[in-house]
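The values are calculated or read from the model by the stated rules, or taken from the named source; none is laboratory data. The shown structure was predicted, so the numbers you read here are calculated from the model rather than taken from an experiment. Neighbour counts run over all protein chains shown; Cβ positions are idealised from the backbone, glycine included.
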Amino acid sequence: MENLLELRDIHAAYDQIQVLNGVDLAVPAGSVFALLGANGAGKTTTLRVIAGLHQPTSGEVVVAGRCVNGAHPEELARRGLCLIPEGRGIFPNLTVMEHLRMAARSRLPLAEVEAIAFDRFPRLAERRHQMAGTLSGGEQQMLAMARGLATKPALLLLDELSMGLAPLVVESLYEVVAQIASEGVSILVVEQIAQTVLKVADYAAVMVHGKVAKVGRPADLEGELSAAYFGT
């Protein structure tokens with residue numbers, strides 16, 4: 001299977017603090033790939049490097065067969081890369097519809113953006129005139145995902161989708177993630193809580209101290225996950 005994303009020996013640092021120490025990763029097209037590990041393992045920095053928000057000190061980021069080192073985030077977005085950051089990144093004083101109107105400016109007509117959002121997340125249709133800051137945490141995450149999907153991404157990066165959400169809400173969101181992947185979108189999910197994402201992941205990798213310690217099918221990683229989280 002062709003890889004839509006490859007990281008080749010990626011090193012990255014913040015000032016003099018080395019965070020990534022030779023990350024190698026390959027995300028096959030149309031798959032859900034879970035990137036797991038404890039706090040401080042380097043997961044979010046990896047996403048930031050892929051999205052062009054943090055430049056690696058060495059190594060290559062390859063998207064659809066092309067090295068994109070040095071590309072600006074907006075250029076990567078135009079090429080079909082979408083990052084939904086930790087914390088959702090919604091504007092609390094804008095309504096659901098105002099968020100969708102902003103998304104419509106990038107690529108698609110508003111009617112199509114609405115259709116994508118409301119077909120995928122019917123609850124947002126009920127809340128269309130509500131301020132985003134008054135939505136529940138799960139509804140805010142739905143809005144962040146709907147806004148990202150309006151860009152028609154080929155590669156979707158999700159950072160801590162489950163943060164602060166009830167288990168049933170997280171499970172329903174990951175059902176949507178699986179549906180999106182089944183339609184051909186490649187998805188790289190960073191999670192600290194492994195259980196739910198592994199139910200829908202095709203592949204997973206465990207990060208430890210800024211390196212990928214193990215890659216495989218979810219069922220094959222139980223021992224590595226125990227070591228990564230509990231040091232056993």
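Below are the figures for this structure:
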quantity	calculated
Unique match (being of a type in the set (A, V, I, L, M) and out of contact with any Lys or Arg (no Cβ under 9 Å at 6 or more places or on another chain)) among Ala117, Ala144, Ala111, Ala103	Ala111
Test: residue in segment 84-91 that is farther than 14 Å from Leu157 by Cα and of a type outside the set (D, E, K, R)	yes
Segment 4-21 residues that are touching a residue at least 24 places away in the same chain (Cβ under 8 Å), paired with ones that are of a type in the set (Asp, Glu) (beta carbon under 7 Å, 6 or more apart)	Leu7/Asp24; Arg8/Asp24; Arg8/Glu60; Asp9/Asp24
Residue match in segment 105-116 (condition: at pLDDT 90 or above and under 23 Å from Arg48 (Cβ atoms))	no
Failed criterion for Leu100 (all others in (1) within 18 Å of Met207 (Cα to Cα); (2) assigned to a helix (DSSP H, G or I) hold)	(1)
Among the residues listed as Ala117, Ala144, the single one being outside the structural domain of Thr44 (by TED's automatic domain parsing), touching a residue at least 60 places away in the same chain (Cβ under 8 Å) and closer than 28 Å to Ala64 by Cβ	Ala144
Within segment 105-161, tally of residues that are farther than 28 Å from Glu191 by Cβ and crowded, with 20+ Cβ neighbours inside 10 Å	1
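For every residue, the table says whether it meets (1) under 13 Å from the mean Cα position of the chain (by Cα); (2) charged (D, E, K, R).
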{"residue": "Gln140", "(1), (2)": "no, no"}
{"residue": "Ala166", "(1), (2)": "no, no"}
{"residue": "Glu171", "(1), (2)": "no, yes"}
{"residue": "Ala181", "(1), (2)": "yes, no"}
